[in-house]
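Trainee: Let me give you the structure first, and then I'll get to my questions.
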Amino acid sequence: MRSSTIGLVVTGALVVASGAAVIAVLAQDDPGTNPARWKTETLTADGAAQLPNPLHLALADCPGFSLSSPVPEDSRNSPGAGTYMVRLAPEHTALWVCTGTVEETGGARAAVAAQLADRESMTSINPALVTTPFGEAVRVDRAFGPAAVPRLTDWLVDHGGHTYAFGYLHPTDDARYYGDMEAMIASIAWDE
């Protein structure tokens, strides 16, 4: 009886030690911050998306680009600003932002990994490496607080030595223009 009790204690101790080792390894290699462990996707634009409006965006200090939009240019945008908005519908906005040089941001992958590790500001979840017609993008969902539901999807892209964020801001549980956003991203043609 005594040897079986010792055996149970030793087995229990090994299980606890193994569990602690696994937790320690996972904490060091959080899949959220390791791009090698992110899921992969291909951006598939909806061929039925109606994008009759050509737009040219010249964001401050970054190479410009053109895209097709379901709505015409919004007069509230300032020429040469760092952010451009396309109001798809009330409370549904496409955001086009130059976040800085790759040297400043570390690039799209590093920027998203850092945001995923930062648990004190905007909550970022569900990272994915996305193949687009012009190369790789990193997609991430964002919520405005740790207990909030995601309301912003960002695609971060490196091009011409700069990092861009293409975002879709929408009400909680209403992302009906997500397909239009993907189609807009798929339509991008870079100036250089």
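Trainee: Give me the pairs, please: first residue somewhere in the range 81-93 and within 17 Å of Arg151 (Cβ to Cβ) and assigned to a strand (DSSP E or B), second residue anywhere and open to solvent by 30 Å² or more (accessible area, probe 1.4 Å) and hydroxyl-bearing (Ser, Thr, Tyr), beta-carbon distance under 7 Å, and either six or more positions apart or on two chains.
Mentor: Hits for this filter: Leu88/Tyr177; Ala89/Tyr177; His92/Tyr177.
Trainee: Say whether the condition of being outside any helix (DSSP H, G or I), modelled with pLDDT of 95 or more and at negative phi is met by at least one residue in the range 10-33.
Mentor: Looking through the range 10-33, none of the residues is outside any helix (DSSP H, G or I), modelled with pLDDT of 95 or more and at negative phi.
Trainee: Pick from the range 136-192 the residues that are closer than 24 Å to Thr123 by Cβ and polar (S, T, N, Q): which of them is modelled with the lowest pLDDT? Explain how you work it out, then say what you get.
Mentor: The initial filter retains those residues of the range 136-192 that are closer than 24 Å to Thr123 by Cβ, namely 136-158, 163-178, 181-182, 185.
Still in the running and polar (S, T, N, Q): 153, 163, 172.
On the way: Thr153: 96, Thr163: 97, Thr172: 89.
If we take residues in the range 136-192 being closer than 24 Å to Thr123 by Cβ and polar (S, T, N, Q), then Thr172 is modelled with the lowest pLDDT.
Trainee: Could you give me the residue pairs with C-beta distances under 6 Å whose first residue belongs to the range 99-110 and is touching a residue at least 12 places away in the same chain (Cβ under 8 Å), whose second residue is open to solvent by less than 70 Å² (accessible area, probe 1.4 Å) and part of a helix (DSSP H, G or I) wherever it lies, and which are 6+ apart or on separate chains?
Mentor: What qualifies is Thr99/Thr105; Thr105/Ala111; Arg109/Pro35.
Trainee: Just to be sure, is Thr163 assigned to a strand (DSSP E or B) and in contact (Cβ under 8 Å) with a residue 40 or more places away in the chain?
Mentor: yes
The values are calculated or read from the model by the stated rules, or taken from the named source; none is laboratory data. Since this is a predicted model, take the numbers as computed values, not measurements. Every residue, glycine as well, gets a Cβ built from its backbone with ideal geometry; the counts of neighbours run over all protein chains shown. When the accessible area is computed, the model is the full protein with side chains, heavy atoms only, and any ligands, DNA or RNA have been set aside. Shrake-Rupley method; radii C 1.70, N 1.55, O 1.52, S 1.80 Å.
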